[in-house]
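A short write-up of the structure that comes next.
The values are calculated or read from the model by the stated rules, or taken from the named source; none is laboratory data. Computed from a predicted structure; not experimentally measured. Cβ coordinates were reconstructed from backbone atoms using ideal geometry, including for glycine residues, and neighbour counts include every protein chain displayed.
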Amino acid sequence: MSKLHKFNIPGHIHFITTNTYLCVPIFLANDLCQILLRNLDFYRQKHRFKLIGYVIMPDHFHALIYPMDEVPIQKILQDIKRYSAKQILEKLENESTTWESLGGMVIPQENLRLAYSTSAIRCLKHLHVPTQKDFLVRKPRTSGQEHQIWQEGFYDFNIFTEKMLKQKLNYIHRNPLMWKLVHDPVEYPYSSYQNYIEAEALFDIDWL
């Protein structure tokens, strides 16, 4: 992912995708999803970008980001990932290793049965409560690095037409359905779908 070209073209929306290290499904825990949302909101204010849509999946997240300043998309994602990783590691260190201590599961474990028949199996086949040990680095990139929450780099696709924007929004909102995590996208809490149907949402998005 890190070798993909990034194009910082003014007026373009970026469709980004980034995965957790080794596809560990940490975002089945509510508290860890909340950490990511808080960082998205903080850097949305600091780096002046609009968040047009998003979904947080168990081992990755998608977002539609529209930079309003000259801060490159690489810097935006770098900061979001760096500081969310720091806070996630602190949470996994300070809390006992139960789902309840991490705010409970986004989807009840018994409801995950259907997801095993989809590509979600890559991260669910060894499902357990995440701990710091899941993120021990095999090949440190920097001196003193012990843990890694996110895979290096991210996928970035530039959007410059309304048709492309609608396609990517639809893809984002259908992701929980594709993984059979829910029967209706409105049931999935960590998605901008609720915002677009004007239902009660956990997180505010921006409008173009």
- Pairs returned, first residue in region 80-102 that is surrounded by 20 or more Cβ atoms within 10 Å (Cβ to Cβ) and at pLDDT 95 or above, second residue that is assigned to a helix (DSSP H, G or I) and not charged (D, E, K, R), beta-carbon separation under 6 angstrom, 6 or more apart or interchain, are Ile80/Asn39; Ile80/Tyr43; Ser84/Ile35; Ser84/Leu36; Ser84/Asn39; Ile88/Leu32; Ile88/Ile35
- Note on the structure: Of the conditions (1) touching an Asp or Glu at 6+ places or on another chain (Cβ under 7 Å); (2) over 20 Å from Leu36 (Cα atoms), the single one that Ile73 does not satisfy is (2)
- Taking region 153-200 and the residues there that are hydrophobic (A, V, I, L, M, F, W, C) and farther than 23 Å from Pro67 by Cβ, the one that is surrounded by the fewest Cβ atoms within 10 Å (Cβ to Cβ) would be Ala199
- Taking the condition in a helix (DSSP H, G or I), within 18 Å of the chain's Cα centre (by Cα) and charged (D, E, K, R), does Lys168 pass? yes
- Message: Can you confirm whether Lys50 is of a type outside the set (A, V, I, L, M, F, W, C) and modelled with pLDDT of 95 or more?
- Response: yes
- Message: Criterion first (surrounded by 20 or more Cβ atoms within 10 Å (Cβ to Cβ) and outside any strand (DSSP E or B)) does Leu36 satisfy it?
- Response: yes
- Task: Please verify whether region 152-163 includes one or more residues that are in a loop (DSSP other than H, G, I, E, B), over 17 Å from Cys33 (Cα atoms), in contact with a Leu (Cβ under 8 Å, 6 or more places away or on another chain) and at pLDDT 95 or above.
- Result: no
- A careful count of residues in region 105-137 that are assigned to a loop (DSSP other than H, G, I, E, B), in contact with a helix residue (DSSP H, G or I) (Cβ under 7 Å, 6 or more places away or on another chain) and free of Cβ contacts under 8 Å to residues at least 24 places away in the same chain gives 0
- Identify, please: which residue in region 46-69 is in a loop (DSSP other than H, G, I, E, B) and touching a residue at least 40 places away in the same chain (Cβ under 8 Å) and is, among those, nearest to Pro189 (Cα to Cα)? Pro58
- Item | Check on Tyr43, at pLDDT 95 or above, surrounded by fewer than 16 Cβ atoms within 10 Å (Cβ to Cβ), assigned to a helix (DSSP H, G or I) and in contact with a helix residue (DSSP H, G or I) (Cβ under 9 Å, 6 or more places away or on another chain) | no
- Query: Which one of these is over 16 Å from the mean Cα position of the chain (by Cα), under 23 Å from Ile16 (Cα atoms) and of a type in the set (Lys, Arg): Arg122, Arg138, Arg174?
  - Reply: Arg122
